[in-house]
Amino acid sequence: MSTPSRGQTAHAAPTVPVDRAIICMLLAVFGVGTVEYLVAGVLPEISGDVGVSEGTAGLLVTVYAVTVMIGGPLMTVATSSIRRTPLIVGSMALFIAGNVLTAFAPNFAVLVIARVITALPHATFFAVCLVLATSLVEPEYQGRVIARITLGLNLATVLGVPLGTLIGQQIGWRASFLIIAVFQAVVTVALLASTRHAPEHRAGNITSEITVFSRGPVLWAIGLTALSQAALFVVFTYIAPYLTEVAGVATEHITVVLFLFGLGSVLGNQLGGYFADRSLDRTLYVALSALTVALAVLFFAGEFRWFAIGWMFVLGAAGFSIIPPLASKLIGAAAEAPHLAATVNIAGFQLANAAGAWIGSVTLGAGGGLGVLPLVGTALAAAAVLLLALARRAAQPAPGPTSAVEVG
């Protein structure tokens, strides 16, 4: 899809190669997303190498997510006066250094430190990409260009995590993180070259930016993000052991299953972005309901190997279909603070990742078993559907001459 450019207007310099810039941002997000999700694919290998249980190793997902959730907004505020180019260079240098340290970590404690370093620039960099991409196209294409950038996350699940898992199983999980570090260095150079003439976004007053988060639509969106993605990550964090121990999938076939999950996430992401331009509420209702059903069905039929393998496609599609509409909704509701709003939205996803991984760890620690995780996810997804209904009701205008306003 060719992206409609603002190059012929006063909003962007005509020398900006829009499609090339968006591809570079997509690839950069791909690298970041691969590192975020890769731990789930090589969880058994990490666990055995550093001598901790799989439940403990799964907390590396929580550490990463909590760092993004707390450190992301703080880092965005702290770097609000820094121009885009040095911000990209600094954030990606930190990301690359964290991956190198991960690859050479001698024990679990150093792994935790490495994950913190890697996660610190995650939200700020992602926010820069989202805001920059939307500034390069006409406003009516915002949802679709967000979907193109977040496609990098889908490709991380389709290609990055399966390939990283395969490499981890064949030559060691540490090699996976070294390869990503090299890849990200190359992509960063290409991104800087393609966006050097792009317009800078001027940050507003910090106080006025923060006040946008007192708005109801912003808070509802963050809550929906947290609940829905926690529902997904209760299962996805422990997907490798779930598939091998519950569904009976052979270890060497985990890569194929993750690939199917990733294909589903690509379809869900693109459909979510497409239909969000028409009705955010309807898209979210369908996506959240589909996630609820997908997790419930997995709970009842996950022990059947071939069914579980194919059902991963459905789970991926349902889980990732909410990303573009929620991102578009939050950025639109907080237009005065797009970088901070995008960062907080990403932090909401990380809160979900952390909560999902932690809830899964608690469930396993309490003796619930891997087979119970989809049921826990079902309850969280159903709560997200209920929250969406409450949000819509709360936003209904008082009776009178004022026309109804759709909450999207």
Check your understanding: For the range 1-54, which residues satisfy the criterion of being of a type in the set (K, R) and at pLDDT 85 or above?
Key -> R20
Point to revise | Sole residue being among the small types (G, A, S), surrounded by fewer than 21 Cβ atoms within 10 Å (Cβ to Cβ) and in contact (Cβ under 8 Å) with a residue 24 or more places away in the chain, chosen from A119, A93, A109, A103 | key: A103
Check your understanding: Is one or more of the residues making up the range 344-359 modelled with pLDDT of 90 or more and of a type outside the set (D, E)?
Key -> yes
Check your understanding: Do any residues in the range 240-255 that are at positive phi have Cβ atoms under 6 Å from those of residues that are surrounded by fewer than 20 Cβ atoms within 10 Å (Cβ to Cβ) and part of a helix (DSSP H, G or I), where the two are at least six apart or on different chains, and which pairs are they?
Key -> G248/R305
**Study point:** Which listed residue is closer than 22 Å to I359 by Cα and crowded, with 22+ Cβ neighbours inside 10 Å, from V42, V32
**Key:** V42
Check your understanding: Could you count how many residues in the range 363-397 are in a helix (DSSP H, G or I), under 19 Å from L326 (Cα atoms) and over 21 Å from the mean Cα position of the chain (by Cα)?
Key -> 7
Review point. Only one of (1) at pLDDT below 85; (2) closer than 25 Å to L260 by Cα; (3) out of contact with any Gly (no Cβ under 6 Å at 6 or more places or on another chain) is not met by T150, so which one is it?
Key: (1)
Review point. Taking the range 52-111, which residues are out of contact with any helix residue (DSSP H, G or I) (no Cβ under 8 Å at 6 or more places or on another chain), of a type outside the set (D, E, K, R) and outside any helix (DSSP H, G or I)?
Key: S81, P106
Exercise for review: Answer yes or no: is there a residue in the range 114-122 that is in a helix (DSSP H, G or I), over 17 Å from the mean Cα position of the chain (by Cα) and modelled with pLDDT of 90 or more.
Suggested key: yes
Revision key, fill the gap. Considering the range 127-147, residues that are in a helix (DSSP H, G or I) and in contact with a strand residue (DSSP E or B) (Cβ under 9 Å, 6 or more places away or on another chain), and then whichever is modelled with the lowest pLDDT, we arrive at R144
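Yes/no per residue for (1) hydrophobic (A, V, I, L, M, F, W, C); (2) surrounded by fewer than 19 Cβ atoms within 10 Å (Cβ to Cβ); (3) closer than 15 Å to V39 by Cβ:
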residue: A127; (1), (2), (3): yes, no, no
residue: A147; (1), (2), (3): yes, no, no
residue: L155; (1), (2), (3): yes, no, no
residue: I167; (1), (2), (3): yes, no, yes
residue: Q170; (1), (2), (3): no, yes, no
residue: A181; (1), (2), (3): yes, no, no
residue: A190; (1), (2), (3): yes, yes, no
Check your understanding: Can you tell me which residues in the range 52-83 are surrounded by fewer than 18 Cβ atoms within 10 Å (Cβ to Cβ) and of a type in the set (D, E, K, R)?
Key -> R83
Study note, to complete from the structure: Checking V286, V344 in turn, the sole residue that is over 15 Å from T150 (Cβ atoms) and without any contact (Cβ under 8 Å) to a residue 60 or more places away in the chain turns out to be V286
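The values are calculated or read from the model by the stated rules, or taken from the named source; none is laboratory data. Remember, predicted model here, so these are calculated numbers, not experimental data. We place every Cβ from the backbone using ideal geometry, glycine too, and count neighbours over all the protein chains shown.
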